[in-house]
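Since the structure comes first, as structure tokens, the remarks are kept for the end.
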Protein chains: 4
Amino acid sequence: MLLLATGGTIDKVYGLRGELEIGPPAAAALLAAAGIEISIESILSKDSLTLTDVDRATIVNHVRSRQATKLLITHGTDTMTDTAAALLESGVVADRTVVLTGAMRPASMIGSDAAFNLGAAIIAARTLPAGVYIVMHGTVFAANAVAKSHSAGRFVPVSH
Amino acid sequence: MLLLATGGTIDKVYGLRGELEIGPPAAAALLAAAGIEISIESILSKDSLTLTDVDRATIVNHVRSRQATKLLITHGTDTMTDTAAALLESGVVADRTVVLTGAMRPASMIGSDAAFNLGAAIIAARTLPAGVYIVMHGTVFAANAVAKSHSAGRFVPVSH
Amino acid sequence: MLLLATGGTIDKVYGLRGELEIGPPAAAALLAAAGIEISIESILSKDSLTLTDVDRATIVNHVRSRQATKLLITHGTDTMTDTAAALLESGVVADRTVVLTGAMRPASMIGSDAAFNLGAAIIAARTLPAGVYIVMHGTVFAANAVAKSHSAGRFVPVSH
Amino acid sequence: MLLLATGGTIDKVYGLRGELEIGPPAAAALLAAAGIEISIESILSKDSLTLTDVDRATIVNHVRSRQATKLLITHGTDTMTDTAAALLESGVVADRTVVLTGAMRPASMIGSDAAFNLGAAIIAARTLPAGVYIVMHGTVFAANAVAKSHSAGRFVPVSH
């Protein structure tokens, strides 16, 4: 298994200028606390609202070029579904299980959902067949059947 | 889905007399932080070293009497495998998915693995077929193929 | 003793839109954790960069109108010295001990200095003679002999 | 200023065997979070219920042998008043300000009073005249006018 970190709320830390900024992957400390060793690579360090098509292509290429068949991607919540769609369309998940997760509240804040979501994502990656999934709120969403509701502040299922 | 709390390290809090004691189910706050609503019932409130055969029968009976087919049990780590074995032998998991989890470090302590483990357990309950499982360290263990290594301070697979 | 909360970093919480915003006074939970009962009044709820002369007059008037002779003010760090200067010039501290404090890191974040600073400020208010003081980093600064160094991210003494 | 650590609740951490044990001085991380550099020496590492007259003599001798005239001592709460009495009787506080503090709840636990108390103690050491003091709950107690109420779980003033 491999974890690719791209930034997002989960990795936000408090900067010297008094604003939140993307720090190093929060997953490292969360995995250590749970007694797990998984390789972590930081491939992007951005708020997901600022991710471009080029960034999404970068993520797809990283997934394609790795030998791991179980991959976790930590990602900002605002465009997590866009990256999931890009992965689905790319065909790279035909023989890989890719799980995207993140947090509604930075791991650096008391009461964050980051550790919970990361634990959930790892089991999803271990138990689900090839494909791309979003795991948030203890729920597995198929990549093309989920949206972030900004009014509710959570991910919700959508039907097509 | 239903969560049955039995006590254990995950629920330990600091008492007025300066010792750790079992508090109310820590899962309540952890689920709320992750934006999840799951019914929680506190059926026992014990350190798992003190659980008796009667206690394990109580746990089995609670699982048997509930309509839920996906159950989480938060449990102390020292005899988690004994309770898993009792559930397996009882036959109640023939048509239910029961996942036991807990924590190596109380949820009340900074750096606890409780939220991570609970997130992992929920996805295991949602994705795995009928049976009884232990989920710790981001890993799904079959009930009869795992032991707690006291020297390593973690669960390890065992073969028979 | 009375605590007047005006907002600032100490009170920042993570909002649904993914940005830090001023929440209710963090001092309430910090005082409760320390086993202390002090009346808290929220008189402003602003980032201190946005405080105007009118706001500072509001703070001065609140201090003047209260019977308490020991007052704590939680305040944003960026203009804490300006409010201290306004209090000094107003004459209200001739017979009152007023201590301003805050945090470099929100109380809602792991590793915050908020509890430390608040504990420090309370003892300063209890032990120091009439006047206005800034207490940060475990140090008592006279109101007119301190500046916030933005490059160092801390308060430093200044001489005139 | 110098901080002497002796153990106690403030320094308790969760051990592998599932029990609280005295860890390294918690003050190090708390001071760093507050942006303060103070020398810390660990001179004892004990639950204060187990401190003997020999241990108290050790503490007194450490205070006597140091050049610092402002000293903090982190200490278990159960016999903090005994150590304060020993310091008072020894005469070493004739020309030194010694402040004892600790925590009702370990620094390793969420919602600990450790940072608050340490911030309070530092300002007490900086502002109070020579003597020995206990600082808990945001209050300065003279060494011979305080007791720990086990039923209330807090320090209370006593008169003689």
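Here are the numbers:
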| read-out | value |
| --- | --- |
| Selected residue (criterion: nearest to the chain's Cα centre (by Cα)) from residues of the stretch B:82-96 that are open to solvent by less than 30 Å² (accessible area, probe 1.4 Å) and of a type in the set (G, A, S) | B:A84 |
| Condition check for B:D95: farther than 29 Å from D:A103 by Cα, within 11 Å of another protein chain (Cβ to nearest Cβ) and assigned to a loop (DSSP other than H, G, I, E, B) | no |
| Yes/no for A:T101 being over 20 Å from A:S65 (Cα atoms), out of contact with any Cys (no Cβ under 9 Å at 6 or more places or on another chain) and open to solvent by less than 30 Å² (accessible area, probe 1.4 Å) | yes |
| Single condition C:S149 does not satisfy, out of (1) farther than 24 Å from C:A32 by Cβ; (2) at pLDDT 95 or above; (3) within 14 Å of chain D (Cβ to nearest Cβ) | (2) |
| Count of residues meeting criterion [within 11 Å of another protein chain (Cβ to nearest Cβ), assigned to a strand (DSSP E or B) and farther than 19 Å from D:M136 by Cα] in the stretch C:120-135 | 1 |
| Residue in the stretch B:74-81 that is hydroxyl-bearing (S, T, Y), under 14 Å from the mean Cα position of the chain (by Cα), buried (at least 18 other Cβ atoms within 10 Å of the Cβ) and within 17 Å of B:D113 (Cβ to Cβ) present | yes |
| Condition broken by A:S159, with the remaining ones in (1) without any contact (Cβ under 8 Å) to a residue 24 or more places away in the chain; (2) under 13 Å from the mean Cα position of the chain (by Cα); (3) away from chain B (no Cβ under 11 Å) satisfied | (2) |
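Condition check ((1) open to solvent by less than 10 Å² (accessible area, probe 1.4 Å); (2) over 21 Å from B:V93 (Cα atoms)) across all residues:
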| site | (1), (2) |
| --- | --- |
| B:M109 | yes, yes |
| B:D113 | yes, yes |
| B:A121 | yes, no |
| B:T127 | no, no |
| B:T139 | no, no |
| B:A142 | no, no |
| B:A145 | no, no |
| B:H150 | no, yes |
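Results for (1) within 14 Å of another protein chain (Cβ to nearest Cβ); (2) assigned to a helix (DSSP H, G or I); (3) free of Cβ contacts under 8 Å to residues at least 60 places away in the same chain, shown as yes or no for each residue.
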{"site": "D:Q67", "(1), (2), (3)": "no, no, yes"}
{"site": "D:I73", "(1), (2), (3)": "no, no, no"}
{"site": "D:D78", "(1), (2), (3)": "yes, no, no"}
{"site": "D:A86", "(1), (2), (3)": "no, yes, yes"}
{"site": "D:E89", "(1), (2), (3)": "no, yes, yes"}
{"site": "D:V99", "(1), (2), (3)": "yes, no, yes"}
{"site": "D:M104", "(1), (2), (3)": "yes, no, no"}
{"site": "D:A107", "(1), (2), (3)": "yes, no, no"}
{"site": "D:L118", "(1), (2), (3)": "yes, yes, no"}
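The values are calculated or read from the model by the stated rules, or taken from the named source; none is laboratory data. Keep in mind that what you see is a predicted model, and the values were worked out from it rather than measured. Ideal geometry is used to build each Cβ from the backbone, glycine not excepted, and the neighbour counts take in all protein chains shown. Just the protein is used for accessible areas: all its heavy atoms, side chains included, with ligands, DNA and RNA removed. Shrake-Rupley method; radii C 1.70, N 1.55, O 1.52, S 1.80 Å.
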